[in-house]
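Everything on this sheet refers to the single structure shown next.
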Amino acid sequence: MIRAAHAAYPALSIRRLCDLFGVGRTWYHTHPSPDETASRDVALRAAIEDLVLAFPGYGYRRVTKQLQRAGWTVNHKRILRVMREEALLCQLKGRFVVTTDANHRLRRYPNLVAELVVERPDQVWQADITSIRLPTGFV
């Protein structure tokens, strides 16, 4: 805003414009312009994307640490926000573990209670066998 006013009224000094807008000169000189901020954001997004493509299992914490090691001054909250906006968060796939072996040579018993309507307690009982591997064998 001050830069635009200074471009429109070059006769006014930066000190006078800062007084008019109610900000200090140090704020003006330390506050980056929107163009500088946009270019830094684009560079940060590119750096994050490169890291995520190189290491797909990295989450925002690891990405933050890697960027800090590379010399970026970034906060984990900013990295998380950028990764959410760009859909770069780590998407780990859950592993599907098959627990049933239906292709065996053992005899299969018919379901005797499939059509039975249970009318009283203790009419039907069910049991299950679970094997637990121990260091010395199975239980």
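Every number here is computed from the coordinates shown, using simple stated rules; none is lab data. Small disclaimer: the values here were computed from a predicted structure and weren't measured. Cβ atoms come from the backbone with ideal geometry, glycine included; neighbour counts cover every protein chain shown.
At R0 = 35 Å, how high is the FRET efficiency between ARG40 and LEU92 if r is their beta carbon distance? Nearest 0.05 is fine. Spell out each step's value before the answer.
On the way: r = 30 Å, r/R0 = 0.86.
Once the sixth-power term is evaluated, E becomes 0.70.
Long-range amide H contacts for GLY59: which residues qualify at under 5 Å (H placed 1.01 Å from N, peptide plane, sequence gap of 5 or more or a different chain)?
When sequence neighbours closer than 5 places are left aside, there are no close amide H contacts.
Roughly how far apart, in whole Å, are the Cα centres of the range 3-26 and the range 63-127?
Each part's Cα centre sits 59 Å from the other's.
Run the dipole for the range 35-139 about the Cα centre, Lys and Arg Cβ at +1, Asp and Glu Cβ at -1, nothing else charged, and hand back the magnitude in debye, nearest 20.
Numbers: 17 positive and 12 negative charges, 96 e Å.
Using only the charged Cβ atoms, the result is roughly 460 debye.
Looking only at Cα atoms, what is the convex hull volume of the range 33-102 per residue, in Å³?
Details: hull volume 7.5 nm³, N = 70.
Each residue corresponds to 107 Å³ of Cα convex hull volume.
Enumerate by residue number the trypsin sites (Lys or Arg not before Pro) in the range 82-125 meeting two conditions: DSSP loop (anything except H, G, I, E, B), and at most 10 other Cβ atoms within 10 Å of the site's Cβ.
Details: sites: ARG84, LYS93, ARG95, ARG105, ARG107, ARG108; in loops: LYS93, ARG95, ARG105, ARG107, ARG108.
Hits after loop and neighbour filter: LYS93, ARG95, ARG105, ARG107, ARG108.
How large is ³J(HN,Hα) for each residue in the range 40-54, as worked out from phi by the Karplus curve 6.51 cos²θ - 1.76 cosθ + 1.60 (θ = phi - 60°), to whole Hz, x for Gly and Pro?
Karplus-based 3J(HN,Hα) across the range 40-54 equals 5, 5, 5, 5, 5, 4, 5, 5, 5, 5, 4, 5, 5, 6, 6 Hz.
With n ≥ 4 as the cut-off for DSSP H runs, can you work out [θ] at 222 nm for the chain, using -39500 (n - 2.57) per run divided by the number of residues, rounded to the nearest 500? All intermediate terms of the calculation are to be shown ahead of the outcome.
Details: 6 runs with 62 residues, N = 139.
The helix-only estimate for the chain comes to -13000 deg cm²/dmol at 222 nm.
Could you tell me the extents of the chain's C-alpha atoms along the three principal axes, largest first, rounded to whole Å?
On the principal axes, the chain reaches 98, 42, 25 Å in Cα extent.
Say we join alpha carbon atoms closer than 10 Å with springs in a Gaussian network model of the chain; which of PRO32, PRO56, PRO121 then has the biggest fluctuation?
With Cα springs under 10 Å in the chain, the top fluctuation among PRO32, PRO56, PRO121 is at PRO121.
Would you please name the GluC sites (Glu not before Pro) within the range 58-139 that are DSSP coil residues with at most 14 other C-beta atoms within 10 Å of their C-beta?
GLU86, GLU115, GLU119
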